[in-house]
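Just so it is clear, none of the values below were taken in a lab; they were calculated from the coordinates. Predicted model, so just to flag it, every value in this text is computed and none were measured. Heads up, the Cβs are rebuilt from the backbone with ideal geometry, glycines too, and the neighbour counts pull from every protein chain shown.
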Amino acid sequence: MLGVEGLAGPLGRAALLVGLIGAFFGLIAAVMGTLNEDEKVLRLVPRFATLSCVSAISAFAAMEWAMITRDFSLAYIQKVGSKSTPALYNFTAVWSALEGSILLWLLVLTCLTSGIVFKYRTRITDPMVGWAVATMFFVGIFFFILTLGPANPFAAGAPGVLDGPGPNPLLQNHILVVFHPPILYLGYVGMTVPFAFAIGALITGRVGEGWLVETRRWALFSWGFLTLGIILGSWWSYEVLGWSGVWAWDPVENASFIPWLTGTAYIHSVLVQERRGMLRVWNLSLLVSTFSLTILGTFLTRSGVLNSVHAFSESNIGPYLLSFFAIIVVVSVALIGWRGQKLHSPGTIDSPLSREGAFLANNVVFSVFAFVVLLGTVFPLIIEALQNRQLVVGEPFFDKLAVPAGLTLLFLMCVAPVLPWRKASGELLSNRLFWPAWGGIGALAFSVGVGATGFAPLLTFGLGGFAGGAALRQLVLATRRQGLRGLVGRANGGMVVHIGVILIAVALAASNSYTHSQELLLKQGVVATFDGHTFELIGFKEESDARSTVIAAVVRVDGGKSYTPAITKYKSMGTNIGTPSVKSSFVKDIYLTIEPPVKVSSKTAKIKVFIKPMVMWLWIGGGLMGVGTLLSAFPGRRRKPTDATSALIPSETSA
Amino acid sequence: MKYLKSWPVWMLMGLIVVALLAVGTTGDNGPLTQSDRIDSITKHIACPTCDGESVYVSRASAAEAIRNQVAREVRAGTMTDDEIIGSIANTFKAQVLLVPRATGIDSLVWIMPIAVLVCAVAGLWAAFRRWRRDNSGEASADDVALVERLLAEDPTDEDNV
């Protein structure tokens, strides 16, 4: 007998099935209509796209309804639902585990497919659009199959269950759980659009620059969302996990970072193809890599394979994701091979000392960096498969290789913005780099002056000043010529992104190199001192509800405002989660955690204090990257094709 | 202005950079507090019961136990950082090390990035050589005709890049 509370399961399953049918017929209509040039059939495509989109929305709404009404007839609600979870975190609990995450992915994907079909509704008879839409339907079918099979969020649960543990405690104690996963997914799933158009271009043989123009904003927005998602994830880690860091190089983080690296390489190298008609195979390969790496990353982090090779057989979703990854790679490589002759670019790059030369160097560094992160992530798997031995590759390995890669990229950010297309002379470089270079020296001198030490961080500060100078120079020149319009367009918006990246690099170098910590045993009424700051335990406070008990130490910092590092005990799970409290400023953060055991009646508290310089600049830099991405999406000054593709190179005799 | 941007000035700038880096690098005194040293050491040790987390990051009880062991060794002050990491690795076997060894098959994780970088740079070098060879610098009659035709057409829009 089904009550209203038991309807979500059947409704959700039915919606997913209808969605799958819609996507399937959408694929058939797009392929057959395009092959037979049958406009009547192609006109059906938008209907099928709408059907699968509405179905996915309905399924997602059914899952939210089940979560809100605590419908414990579903296995997923039994796993992540709880009567005591607050409304907001109950809402976000839908994407707190595998099945709900895949449902969210599907929701974004079908909405994007619908959006693409709507945007190109008047050009649906264009074969490239037809094949691109077919590719998106194909990807959609795969995710519908996942949600109906191995990652079914509407699977029936064991009978008689009246309550559940709720989502992971870390997913119910910070507002960022609302924003981080959906934004990250917008980035992941958004990469499907340029990938689909790349496949469309390969199938139709229109491998010129037309498909790039169609998808450049989609690629940019996807990259922007991926960037924002990663930054928000770092912020969340910092605010919630209590170890005072923002990035731990764990497989889940790496799974988002690897496609970000290849995506970043793409949005640079695509400029070379647009301007010079070159690097066609390379750009297609980068797009295929970026999209397939999002699938591989999902496989690595969602199948349980990274915990142990032997866990692979216990996972249902792993083989599906791995097979899909293999299909993408094989089909894409086959298509690129098939179109090999057409992909040959007639142009040449005149000199390594040119904008396109710098982009190529940038691509080499990004690609090798992506390879390093991927290798470090999967290396434990390789070792376990070959030698049946456990191995862990962690932060020190990644740091060791990421630092030189990051410094090289910073150096390229110093030089590339001032390089003209085609070729640069030594004199031109000397002219354009002179003041930015002094900016670098100034930053280095200032850093040494305020007591900064260490080769890598100092080099980061120096190169940061240099690269910042180069970016500012470009922006000043552009705004001088065009006023505020000089801030928009890819070149200028890109410089705003560069400044954001530089701020992040500098902040990471400072916070990683100069963090100091101390465990303080604070006694009520006694002021302790560390690193020029005072800490006084005022007392404890306790808050309790059906879900959890929070015990917080009230610590007055520098005689001013009080901060409350806390430990939360989640009753249903019996888990203790520490929550840091942070005093932030532009110069440094004072990060407080409380060490267990904690008693409200106690007169002492063991508080760990981290003094972390410049952390706030990480978030400012992230915000600037977002703003810069938006500015890049607006069209900049129109350039006539008859304009010179490079600046005039001063003659030897000119001043 | 021309003399200002001449090579001797660039040389001077280079010398200033080297001098500043030398001053800054020699002033590096390592961790300030015992807690800093404990943090630095525990960043190299994996929590044995977690999925790849370091002892520094993890809040698990196994990580807490290792952190306490490291803290005791640091307070005792008889061992270097590497010796402390070595003693923990002996207790828990090598799988608690977060940095793979540079011997045996584990060394592949160090060798492969270098090999890929060398291949990529060599490929880039070869591509530039080929482009230089292909780039005759002479415009063919077809090229000239194409440019003349384009110059005669109305300009279409294109982003400023």
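For the range B:1-104, applying the loop criterion from DSSP together with a ceiling of 13 other beta carbons within 10 Å to the chymotrypsin sites (Phe, Trp or Tyr not before Pro) yields B:Tyr3.
Could you compute how fast the range A:203-346 diffuses translationally, taking Rh as the Kirkwood radius over C-alpha pairs and applying Stokes-Einstein at 37 °C with viscosity 0.692 mPa s? Give it in µm² per second. So the translational diffusion coefficient is about 193 µm²/s. Within chain A, which is the longest segment that contains none of the GluC sites (Glu not before Pro) sitting in a DSSP loop with at most 12 other Cβ atoms within 10 Å? In short, A:38-651. When every Cα-Cα distance of the range B:1-88 is counted in 10 angstrom steps from zero, the calculated P(r) takes the values 15, 31, 17, 13, 12, 10, 2 percent. Share of Cα-Cα pairs in the range A:516-613 beyond 21 Å, in percent? Percentage above 21 Å: 29. Report the normalised scattering of the range A:362-516 as log10 I(q)/I(0) at q = 0.21 Å⁻¹, calculated by the Debye formula with identical scatterers on the alpha carbons. Per q value, in the given order, log10 I(q)/I(0) is -1.31. What the phi angles of the range A:362-377 give under the Karplus curve with 6.51, -1.76 and 1.60, with θ = phi - 60°, is a coupling list of 4, 5, 4, 5, 4, 5, 5, 4, 4, 4, 4, 5, 5, 4, x, 6 Hz, glycine and proline written as x. Does anything in the range A:349-363 have its amide N under 16 Å from the 7 Å Cα→Cβ label point of B:Val147, and if so which residues? Counting backbone N atoms under 16 Å from the label point, the list is A:350.
In the protein assembly as shown, the inverse of the mean reciprocal separation of distinct Cα atoms equals 29.0 Å; this is its Kirkwood hydrodynamic radius.
In this structure, the amide hydrogen of A:Thr125, modeled 1.01 Å from its nitrogen in the peptide plane, lies closer than 5 angstrom to no residue at least 5 positions away or on a different chain. Spread over its residues, the convex hull of the C-alpha atoms of the range A:423-491 is 122 Å³ per residue. Which whole-Hz ³J(HN,Hα) couplings does the range B:116-121 yield from phi under the Karplus relation 6.51 cos²θ - 1.76 cosθ + 1.60, θ = phi - 60°, glycine and proline marked x? Rounded to whole hertz, the list is 5, 4, 4, 4, 5, 5.
Database remark: amide H of A:Leu74 closer than 5 angstrom to the amide H of A:Gly157 (H placed geometrically; neighbours at sequence offset of 5 or more, or on other chains; Pro and chain starts carry no H). Of the trypsin sites (Lys or Arg not before Pro) in the range A:339-404, the ones in a loop by DSSP (not H, G, I, E or B) with at most 14 other beta carbons within 10 Å are A:Arg389. Karplus-based coupling profile of the range A:155-170, in residue order and whole Hz: 5, 5, x, 5, x, x, 7, 10, 7, x, x, x, x, 3, x, 5, with θ = phi - 60° in 6.51 cos²θ - 1.76 cosθ + 1.60 and x standing for Gly or Pro. Legend: residue pairs A:Lys571/B:Lys43; A:Lys83/A:Lys606; A:Lys561/A:Lys612; A:Lys83/A:Lys571; A:Lys571/A:Lys599; A:Lys541/A:Lys608, Cα-Cα distance threshold 23 Å; pairs beyond threshold, A:Lys571/B:Lys43; A:Lys83/A:Lys606. The alpha-carbon positions of the range A:328-423 define a convex hull whose volume is 136 Å³ per residue. Based on the Kirkwood approach, the hydrodynamic radius assigned to the range A:1-127 is 15.8 Å, with every pair of different Cα atoms included.
For the segment B:123-131, counting C-beta atoms of other chains within 10 Å of every residue's C-beta and taking the mean gives 3. Considering the range A:533-590 at the alpha-carbon level, its Rg and Dmax are found to be 13.4, 41 Å. Residues whose amide H falls under 5 Å from that of A:Val615, counting only those 5 or more places apart or on a different chain, are A:Asp589, with hydrogens built in the peptide plane.
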